[in-house]
């Protein structure tokens, strides 16, 4: 999973946890608030009910009082006064209780004051009536008086009933509120739960996803590690880590196995490793490493010998990658050791073979030549001697007789010169062959230069060298666009010269010659073509053309050694080029050769050369 | 024919191949080099001749060495090195006359201090021409005076 701004999975977890916590807190607060609201509404309801109950209680007391007084007034029975006295005493306390209970209801306070006044008035009236009955006996209170008493009582009752009714209306409204609040509460609960479950679910899914991604990554890491292990085991390369900070050296099992040790048998330190390197190689090895550490060379590739447990030296190629801190100080060098002993042995064998080959060509060209000098020299001496013999014998020809003289003349003038002629020719041929072998062997030793050359200029030079033959045979030469390219001018001249020479040499004698030279450019190479209308090459000879000392069958009339094309092919191979041809017998042959495109040598040539020399 | 040089000098020819030695001598004579020729047929013989213990004092200032390189026992390079390292023989002209024409060998000989490098051509005419030129050169060469 890709995350912007450098956020990692940990940050994401933390953010998610914070969101869940905040949501949980706010949810709790909302629930608490809602609970508080409902609670308050409930308390209010209870208070209202209490107020109603108390109001009714007071009203009942008042009714009791009135009833008691009325009974006493009618019957003058003091028993009725007991109730009156009892209730009358507590009604005021009850009213104050009610007022205290509804202290926060400002309007009701004023109302209770009115009630209090009225109740006091009523009590006064009742007390007056009681006092009248006590003083004057039954009938002292008139019906009219009772009527006043009843009216006042009714007014009071009406007042209180109104209050209760108002409270009830209020309560009804409150109950609606409570219901709606309860409904809100439930909605909040449901929405909260859904949100909570949603967040947790989303979080869980995210975590699961991240975890599974982690697992995939870990899995891939494990697989990569396994692959790496497999490769390391497979190629038997040793792994090492040289830590310059802690001055420790870690070496893998394979590293140690390469030197003949089990994993636990060898504890290595940076100095210990150097001690195992061949004394002749230490200085160079440290120098190459130093150059890499100082970042003078871009790649670390070091070859040296290390002592094997069995006492032999193993050639090791060490390659590695360095880690530098921001001050340019190297921290670690991690890399591999490859046992290249076999390659080195093969290299040595190859070198030996090459040396043998050189010795062989040297011997061929020089030691084989030495006897030829004698053969040639002494055949000439012999011919001089024969001449001398002839001169000595000539005056005595009469004495020898005509027949003997004629025989002597045949031997001296024909047989011996003929024999010497054959010897001379054979020596000449032998000399040419040894020279050819020598020339061919020198291709390998020739150091090819690279410079920007004009192929047209070189071609013109070659044509100039063969102008005599071209003019004599009246050959028409057509030259296409020729490129400038980076190559060895001498080698290119030899190639052109050989191809042109062949084209001119092997023309069909009975028709005018036509030679066409062209060049074309591909992404990687320059391809040059030399087309002639000569005798062509038989398909059976197609392989022989490039073989040393071999020639096509239809070339017997032309002198040649079978060397030119072998030379050209060897030269092109050295220059990373190639040569091929297409031919039709009697129609003509086209030779193509390719040379790689190269960048012109730049100013940085010096450093490249120094590097090449250093390596 | 070239007349003999007034102040006669002798030639020391180091050549293992008797045929070559004979051809060289014949051809030198033919072009008129009459100077005495000492033929030494091996490297060991050459070293003995120049540096042997009981050898007489020789006038190296009136001698020219003609040296072949491909000697089977001690090669010409080593003899040349000895000749050029020794105070007595150091200034004696040394002509390398050999079948070799490898540039490496030529460079090596000049590095060791040889005075002339010549290749023995296989063709007789070329060979005799080369020897003729060598002879010509020998008639005009002034060997250095060691004892001034």
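Every number in this text was worked out from the coordinates using simple rules, so none of it is lab data. Treat the numbers as computed from the prediction; the structure is a model and nothing was measured. Methodologically, a virtual Cβ is constructed for each residue, glycine included, from the backbone with ideal geometry; neighbour enumeration extends over all protein chains shown.
I need the calculated FRET efficiency for the pair residue A:182 and residue A:104, taking r as the beta carbon distance and R₀ as 30 Å, to the nearest 0.05.
0.80
Which FRET efficiency, nearest 0.05, do residue A:467 and residue B:38 yield, Cβ-Cβ r, R0 41 Å?
0.20
Relative to the compact-globule scaling 2.2 N^0.38 Å, provide the ratio for the alpha-carbon radius of gyration of the protein assembly as shown.
On the way: Rg = 64.5 Å, N = 763, 2.2 N^0.38 = 27.4 Å.
Relative to the 2.2 N^0.38 Å estimate, the protein assembly as shown comes out at 2.35.
Using a 10 Å cut-off around each Cβ, can you sort A:115, A:5, A:313, A:324 from fewest to most neighbouring Cβ atoms?
In increasing order of surrounding Cβ atoms, one gets A:5, A:324, A:313, A:115.
What is the Cα coordinate range of the range A:339-430 on the first, second and third principal axes, sorted by size from largest, in whole angstrom?
For the range A:339-430, the Cα spread along each principal axis is 89, 17, 14 Å.
Each label point is 7 Å from the Cα along the Cα-to-Cβ direction; what then is the distance between the points at residue A:410 and residue A:558, in nm?
Here the modelled spin labels are 4.2 nm apart.
State log₁₀ I(q)/I(0) for the range A:18-79 at q = 0.18 Å⁻¹ as given by the Debye formula over alpha-carbon point scatterers of equal weight, solvent excluded.
Calculated log10 I(q)/I(0) at the listed q: -0.76.
I need the P(r) histogram for the range A:292-449: all alpha carbon pairs, bin width 5 Å from 0 out to the longest distance, whole percents.
2, 7, 9, 8, 7, 7, 7, 7, 6, 5, 5, 4, 4, 4, 3, 3, 3, 3, 2, 1, 1, 0, 0
In nm, to one decimal, how far is the modelled label at residue A:161 from the one at residue A:508, with both set 7 Å along Cα→Cβ?
The two pseudo-label positions are separated by 14.7 nm.
Which whole number gives the average count of other chain Cβ atoms within 10 Å of the Cβ atoms across peptide A:380-390?
Whole-number average of other-chain Cβ neighbours for A:380-390 is 2.
Hey, what's the per residue convex hull volume over the C-alpha atoms of the range A:472-575, in cubic angstrom? Don't skip to the end; give the middle numbers.
Working: hull volume 12.9 nm³, N = 104.
About 124 Å³ per residue, rounded to a whole number.
If you take each beta carbon of peptide B:97-104 and count the beta carbons of other chains within 10 angstrom, what is the mean?
Average per residue, whole number: 5.
If I model a spin label as a point 7 Å beyond the Cα along the Cα-Cβ vector, how far apart are those points for residue A:18 and residue A:86 in nm?
7.2 nm
Antiparallel versus total DSSP beta bridges in the protein assembly as shown: what percent is that, nearest 5?
Working: 54 of 74 bridges.
Beta bridges within the protein assembly as shown, antiparallel portion: roughly 75 percent.
Need one value for B:118-129: mean number of C-beta atoms belonging to other chains within 10 Å of its residues' C-beta atoms.
Neighbouring Cβ atoms belonging to other protein chains average 5 per residue here.
Compute log10 of I(q)/I(0) for chain B with the Debye formula, placing one identical point scatterer on every Cα and leaving out solvent, at q = 0.13, 0.21 Å⁻¹, to two decimals.
For chain B, the Cα-only Debye profile gives -0.54, -1.51.
Within 10 Å of each residue's Cβ, count the other Cβ atoms and sort A:495, A:217, A:274 from fewest upward.
Placing the least packed residue first, the sequence is A:217, A:274, A:495.
Using only the Cα atoms of the range A:187-324, what are the Rg and Dmax in Å?
25.2, 89
Residues of the range A:487-501 with backbone nitrogen within less than 19 Å of a virtual label 7 Å along the Cα-to-Cβ line of residue A:598, please, listed as ranges.
Only A:487-497 fall inside the zone, counting backbone N under 19 Å.
Angle check, please: helix A:106-136 long axis (alpha carbons) against the longest principal axis of chain A (alpha carbons), in degrees 0 to 90, nearest 10.
20 degrees
Would you mind checking the tilt of helix A:143-235 against the longest principal axis of the Cα atoms of chain A, expressed as 0 to 90 degrees and rounded to 10?
The angle comes out near 10 degrees.
For a test of the definition: using alpha carbon positions, the gyration tensor, and the 1.5 limit on a/c, classify the range A:242-288 as rounded, prolate or oblate.
Here the range A:242-288 falls in the oblate category.
What FRET efficiency comes out for residue A:214 versus residue A:37 if R0 is 41 angstrom and r is the Cβ-Cβ distance? Round to the nearest 0.05.
The value I calculate is 0.35.
When A:44, B:124 are ordered from fewest to most other Cβ atoms inside 10 Å of their Cβ, what list results?
Least crowded to most crowded, the residues run A:44, B:124.
Could you give the length gained by full extension between residue A:363 and residue A:124, i.e. 0.36 nm per residue of separation minus their alpha carbon distance, to one decimal place? Numbers along the way, then the final one.
Numbers: separation 239, 0.36 × 239 = 86.04 nm, distance 16.27 nm.
The residue A:363-residue A:124 span can extend by a further 69.8 nm.
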